[in-house]
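Data first, discussion second: the structure below is written as structure tokens.
Readers should treat all values here as calculations from the given coordinates under stated rules, not as data from a laboratory. Source: prediction; values computed, not measured. A quick note on method: Cβ atoms are made from the backbone with ideal geometry, for glycine too, and the neighbour counts reach across all protein chains shown.
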Amino acid sequence: MLKEDVRHMFDEAAGGSSSSLKQIDTIQMLGLNYHFDDEIKGSLDTIMSTKDKNDVCDQENDLYTRALRFRLLRQHGYEVSQDVFKNFKEEMMMRSGNLKEWTVRDVEGILSLYEASFYAFEGEEILDEAQKFTTTHLKVQLIKANSIISHNKQNLSKQVSHALELPLHWRVPRAEARWFIDTYKTMQDMDPSLLEFARLDFNMVQATYQEDLKYVSRWWRELGLSEALGFARDRLVENFLWAVGFNFEPRFRNFRRQLTKVNSLITTIYDIYDVYGSLDELKLFTDGVQRWDINTMEDLPDYMKICFLALYNTTNEMAYHILRKHGVDSLPYLKKAWADLCKAYMVEANWFYNGYTPTLEEYMNNAWISISGPTAQTHAYFLLGDEMTNKDELERGDVPKSIQCYMHHTGSSERIAREHIKNLINDNWKKMNMDQAAASCKFPRSFINTTQNIARTAQLIYQYGDGYGVPDSETKDWIMSIVVEPIPCFEREI
């Protein structure tokens, strides 16, 4: 019944109105969008069919609405030009010296533009300027003692602080839904039916995660790697959270279960290369994975044999089920993904044993594979057919990471090095934004979303250090809120 109530909201809302756009945005942030994919697409199609796509909203004078519309269209792969903001550049610069005159609606508009700016493509200078301007002035609004958002709308202040910490586009959808459900209940325009639906849905989805976790826990226990390889990190729950971050929807439960297996094997193999194996042993293991031949086990030490066999059997079984269900032979691609990963680990092992600090370019050329993103992506593609970190890893004997490489070869301070890496992250998001919106993109939307969620999950895990290698309080809180603790559904609203 609650679901039908929400569906009726789409019928009642006007296609491109501010209220219609706000409704779509709210539903997405509450984590309910997977129930209404058709309705959301229909609303956005209506917007694009009634206006020239390069002049969308050109007559709209409200910055909040224009920026929200731009963000939603870009998010869903529609073509819309940054020129929709060109008329606001002069106004923004004129207002920059008169912050005391800003109203709540002004701040909402600036916040909306800030969020939209993170959907920029490479070379879009208007959006680059908008991001700098909005970041600066939102920070000012938080600092000013007489800020309009501090006095008149405390909830907006909370949203601004949250956005400045990390933009919406870079956040993990399920973690964001958990945060926003608590925030939404305090908002003036809160819809009780929508809030109740969001709470119930979150708890129902959480129940599927608990079943998934039971399944992978049983698999991990029976596999026996944790007991056999005591030096390796036992991070099953964190590996499962990665899978949830990649794709949270209930219908992708097999995807989450299989990706948890992949992530767990990646962790174990990484620790073999990183903290335990000798250089000669690592060469043998790398060769064995490249050849994908069970007979190569004869040359491996015992601890490597059990790991190789676990990898071999798990991957072959996964490929078998993909072939049986989808009629696609994925094994050649899965084997190559593992071989490429081990070769990248081998490069880092050679660097370490030779005491070599690579240049940032050398490091990045290898790290894009050794971070295991392509390995996870390859498995995800076929399964979808249906600062602390550096200190801790250096203590384990790990090769220097990107920040250390940049500092070593440029003589830069850590602050400058971190800013440089942050800019690289921003640049790569622009490339992803452009790729997913390109008319030539042939990948299904589910795979595009999953690929972007890999980056989002990594951002969340490593935001305040190494929440994976050395789980911090933020990571533990995330585990509790997403998997363990349900949301009370019958709170009395004040």
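What is the set of long-range amide H partners of G385 at a cut-off below 5 Å, with H atoms built 1.01 Å from backbone N?
Under 5 Å from the amide H of G385 lies no amide H from a residue far enough along the sequence or on another chain.
How do C307, C441 rank when sorted from fewest to most other Cβ atoms within 10 Å of their own Cβ?
Working: C307 21, C441 13.
Exposure proxy ranking, most exposed first: C441, C307.
What is the sum of charges around D329, taking Lys and Arg as +1, Asp and Glu as -1, for the other residues whose C-beta is under 13 Å from the C-beta of D329? Intermediate results must be reported in sequence, preceding the final value.
Details: positive: R324, K325, K335, K336; negative: none.
Spelling it out: positives minus negatives among the neighbours equals +4.
Considering amide H positions built from the backbone, and no H for Pro or chain starts, which residues 5 or more places from A232, or on another chain, come under 5 Å of its amide H?
none
What's the long-distance tail for region 201-355, i.e. % of Cα pairs beyond 29 Å? Please report the intermediate quantities before stating the final value.
Values: 2464 of 11935 pairs.
Here the long-distance tail beyond 29 Å is 21 percent of all Cα pairs in region 201-355.
At a 10 Å Cβ-Cβ cut-off, how would you order E227, E485, E281, fewest neighbours first?
Numbers: E227 10, E485 13, E281 17.
By the 10 Å Cβ count, ascending: E227, E485, E281.
Could you derive backbone 3J(HN,Hα) for region 266-279 from the dihedral phi with the Karplus parameters 6.51, -1.76 and 1.60 (θ = phi - 60°), listing whole Hz in sequence and x where the residue is Gly or Pro?
4, 4, 5, 5, 4, 5, 4, 6, 7, 10, 10, x, 6, 4
From the cross-link list K283/K343; K335/K430; K261/K283; K283/K336; K214/K261; K139/K476, which pairs have alpha carbons spaced over 19 Å apart?
Working: K283/K343 9 Å; K335/K430 31 Å; K261/K283 24 Å; K283/K336 17 Å; K214/K261 13 Å; K139/K476 29 Å.
Cα-Cα > 19 Å for K335/K430; K261/K283; K139/K476; rest within.
Output ³J(HN,Hα) for region 234-251: one whole-Hz value per residue in order, computed from phi by the Karplus curve 6.51 cos²θ - 1.76 cosθ + 1.60 with θ = phi - 60°, and x for Gly and Pro.
Those phi angles translate into 9, 10, 4, 5, 5, 5, 5, 5, 4, 5, 4, x, 5, 7, 8, 5, x, 5 Hz.
Hey, what do the phi angles of region 106-117 turn into as Karplus ³J(HN,Hα) couplings, whole Hz, using 6.51/-1.76/1.60 and θ = phi - 60°, x for Gly and Pro?
Once θ is set to phi - 60°, the couplings for region 106-117 become 4, 5, 4, x, 5, 5, 5, 5, 4, 5, 5, 5 Hz.
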